[in-house]
Amino acid sequence: MAQIGFIGLGIMGKPMSKNLLKAGHSLIVYDVVPAPVAEIAAAGAQAGQSCRDTAARSEITITMLPDGPEVEAAILGPGGVLEGARQGSIVVDMSSISPLVSQKIGAACSAKGVEFLDAPVSGGEPKAVDATLAIMVGGKADVFEKVRPVLEKMGSSVTLTGPVGAGNVTKLANQIMVACNIAAMGEALVLATRAGLDPEVVFNAVKGGLAGSTVLNAKAPMVIARNFKPGFRIRLHQKDLRNALLAAESMKVSLPLTALVQQMLMALMNDGKGDLDHSAIATFVEEMAGIEVKKPAAAQA
């Protein structure tokens, strides 16, 4: 079992680190917020004093942070991972960030003799808890094979998609499809509700056909139940689409649907909904139509 450092114990990182503990790994954890560090330490981990200290005591250091600036600070900044990481150790960034930032960090690690993988995840908090995340990895094949057994304790699907940066390109592709799917679902359910139909009946009618998807099965019931407790927050999805658009601009690729949904997400954030689950994208369509997706009065009686 590897000695693993885990930096970033937020909505995703905390359950992911717990799954590594359950698998029998020796874990050192660090976060700028003391409470989750104390919680994971009480479950059997050691508490790191800083990013540098955590990396110095680890064979593999995992980071799970909100965005590129936080990852750069944690790995490249003063007191960061690279100041403590030993030559030949491995850094795995599981945050969802710009692939350009991943490549910058990978180059800095390589210059110090430290291996680097970018390994963002998909599935939100429920799959982080269940250890069934989809993990998309960029980096060297031999380094991937060394880390694969660790990643498989956090995810049910672990795929090497290419060199450093490829993991985050794949994650951005995933986030584009998820966001556009939720937006289309919102339009469809609003239309059905306006027509006087029961949106739950419509959902059940279409989910077995070509329109059916994991996104539909997970998010339509949330909208119908008016349950927007965050599994993945709107503000984080907006960040991912922003990174997708920046990456696309650098490659001269037009992403018109992504740009449209990203604007919807920005509007929802300005409306105070940034911390709702991304299923609340549907509420943008509801507000334009002046109708809420719900069962008709006759069905509720």
Over the range 232-276, the set of residues more than 20 Å from Ile97 (Cβ to Cβ) and surrounded by 18 or more Cβ atoms within 10 Å (Cβ to Cβ) is Met264, Leu268, Lys273, Leu276
Leu257 vs. criteria of a type in the set (A, V, I, L, M, F, W, C), closer than 30 Å to Glu70 by Cα and touching a helix residue (DSSP H, G or I) at 6+ places or on another chain (Cβ under 6 Å): yes
Within the range 33-84, residues part of a loop (DSSP other than H, G, I, E, B) and under 22 Å from Glu125 (Cα atoms) come out as Val33, Ala43, Gly44, Ala45, Met64, Leu65, Pro66, Asp67
For the structure I just gave you, tell me whether Val137 is assigned to a helix (DSSP H, G or I), β-branched (Val, Ile, Thr) and closer than 23 Å to Gln175 by Cα. no
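Here are some residues: Glu115, Glu145. Which one is among the acidic types (Asp, Glu) and surrounded by fewer than 23 Cβ atoms within 10 Å (Cβ to Cβ)?
Residue meeting the stated conditions: Glu145.
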Number of positions in the range 250-301 that are of a type outside the set (A, V, I, L, M), at pLDDT below 95 and farther than 24 Å from Phe228 by Cα: 1
In the range 57-80, how many are over 21 Å from the mean Cα position of the chain (by Cα) and touching a residue at least 60 places away in the same chain (Cβ under 8 Å)? 0
When you check Leu255 against the structure, is it in contact (Cβ under 8 Å) with a residue 40 or more places away in the chain and within 22 Å of the chain's Cα centre (by Cα), yes or no? yes
Please verify whether Val164 is crowded, with 24+ Cβ neighbours inside 10 Å, among the aliphatic types (A, V, I, L, M) and either closer than 24 Å to Ser17 by Cα or outside the structural domain of Arg235 (by TED's automatic domain parsing) (or both), treating the condition exactly as stated. yes
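Criterion first (within 27 Å of Asn243 (Cβ to Cβ), surrounded by fewer than 16 Cβ atoms within 10 Å (Cβ to Cβ) and at pLDDT 95 or above) does Val81 satisfy it?
For Val81, the condition - within 27 Å of Asn243 (Cβ to Cβ), surrounded by fewer than 16 Cβ atoms within 10 Å (Cβ to Cβ) and at pLDDT 95 or above - is not met.
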From the residues in the range 91-122 that are among the small types (Gly, Ala, Ser), assigned to a helix (DSSP H, G or I) and without any contact (Cβ under 8 Å) to a residue 60 or more places away in the chain, which one is nearest to Asp67 (Cα to Cα)? Gly106
Of the listed residues (Val253, Val285, Val293, Val261), the one being assigned by TED's automatic domain parsing to the domain that holds Phe203 and in contact with a Pro (Cβ under 8 Å, 6 or more places away or on another chain) is Val293
One residue is enough: does the range 120-133 have a residue meeting the conditions in contact with a strand residue (DSSP E or B) (Cβ under 6 Å, 6 or more places away or on another chain), farther than 23 Å from Pro230 by Cβ and of a type outside the set (Asp, Glu)? no
Somewhere in the range 95-108, is a residue surrounded by fewer than 21 Cβ atoms within 10 Å (Cβ to Cβ), closer than 16 Å to Gly165 by Cα and hydroxyl-bearing (Ser, Thr, Tyr)? no
Please enumerate the residues belonging to the range 121-160 that are more than 13 Å from the chain's Cα centre (by Cα) and among the acidic types (Asp, Glu). Asp130, Asp142, Glu145, Glu152
Which count do you get for residues in the range 10-46 that are more than 18 Å from Thr132 (Cα to Cα) and aliphatic (A, V, I, L, M)? 13
May I ask you to list the residues in the range 15-43 that are within 22 Å of Ala73 (Cβ to Cβ) and touching a residue at least 60 places away in the same chain (Cβ under 8 Å)? Met16
Is it the case, given these coordinates, that Ile11 is more than 22 Å from Arg86 (Cβ to Cβ) and touching a residue at least 60 places away in the same chain (Cβ under 8 Å)? yes
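The values are calculated or read from the model by the stated rules, or taken from the named source; none is laboratory data. Predicted model only: the values in this text are computed from it and were never measured. Every residue, glycine among them, receives a Cβ derived from its backbone with ideal geometry; neighbour counts consider all protein chains shown.
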